[in-house]
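For reference, the structure is listed below as structure tokens.
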Amino acid sequence: MANGSVATVSEVKDRIQLVAPQYDFSNEKQLEIYATDALNQARSDGFEESVIPRAAAYLGAHFYYIAASRAAQIKSQSNKEQLTPLATETKTEFFKSKETSYYLDEYNRLLDSFGLAGAKFHPFGGPTWRYTQT
């Protein structure tokens, strides 16, 4: 990003793919949504424009982490239901609202290093989180 220019969704998408290469980026719409949401959140959290692409990339990678974890949990639950009829009684919590990742830790580190409080939101409509796990 050139000095004084505005961060773009395209730049954030490229960075997400670089910091989290283990994820499947074949769904362009998903990548676009995560990059846009992360970019908007980083702006809302008060990062300077020159830092936004880096912060947004980590937050976008965290969104991928959540989605991948959630998909694995759902698949695991589906497999249990196929194996045993009692599986519906032992429900798996598909999403833990306090779930964290290396990517979210790095986003928090950036927030702290720039003296920013960060927003309280949840990317999948669950309870709010202030980027920390208790």
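The values are calculated or read from the model by the stated rules, or taken from the named source; none is laboratory data. Everything quoted here is computed from the prediction, not taken from an experiment. Note: ideal-geometry Cβ built from the backbone for every residue, glycine included; neighbour counts use all protein chains shown.
Counting only residues that are in a loop (DSSP other than H, G, I, E, B) and under 10 Å from LEU59 (Cβ atoms), how many does the stretch 21-46 have? Spell out the reasoning first.
Filtering the stretch 21-46 for residues in a loop (DSSP other than H, G, I, E, B) gives 21-27, 45-46.
Right, trim to under 10 Å from LEU59 (Cβ atoms) and you get 45.
Going through the stretch 21-46 one residue at a time, the tally reaches 1.
Out of the residues in the stretch 51-80 that are of a type in the set (S, T, N, Q) and either modelled with pLDDT of 95 or more or farther than 19 Å from TYR107 by Cα (or both), which is farthest from the chain's Cα centre (by Cα)?
Step one: filter the stretch 51-80 for residues of a type in the set (S, T, N, Q), giving 69, 73, 76-79.
With the extra rule that they be either modelled with pLDDT of 95 or more or farther than 19 Å from TYR107 by Cα (or both), the set shrinks to 73, 76-79.
Numbers: GLN73: 17, SER76: 21, GLN77: 22, SER78: 24, ASN79: 26 Å.
Top of the filtered list is ASN79.
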- Query: When you look at SER69, is it free of Cβ contacts under 8 Å to residues at least 40 places away in the same chain and either in contact with a helix residue (DSSP H, G or I) (Cβ under 6 Å, 6 or more places away or on another chain) or hydroxyl-bearing (Ser, Thr, Tyr) (or both), yes or no?
  - Reply: yes
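For the stretch 20-43, state whether one or more residues are hydroxyl-bearing (Ser, Thr, Tyr) and more than 28 Å from ALA117 (Cβ to Cβ). Give the steps one after another, and end with the answer.
Pass one, the stretch 20-43, residues hydroxyl-bearing (Ser, Thr, Tyr): 23, 26, 34, 36.
Narrowing further to those that are more than 28 Å from ALA117 (Cβ to Cβ): 23, 26.
Yes; the residues of the stretch 20-43 include at least one that is hydroxyl-bearing (Ser, Thr, Tyr) and more than 28 Å from ALA117 (Cβ to Cβ).
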- Message: Every residue in the stretch 22-51 that is of a type outside the set (Ser, Thr, Tyr) and either within 13 Å of ALA68 (Cβ to Cβ) or in contact with a Lys or Arg (Cβ under 6 Å, 6 or more places away or on another chain) (or both), please.
- Response: GLN22, ASP24, PHE25, ASN27, GLN30, LEU31, ALA35
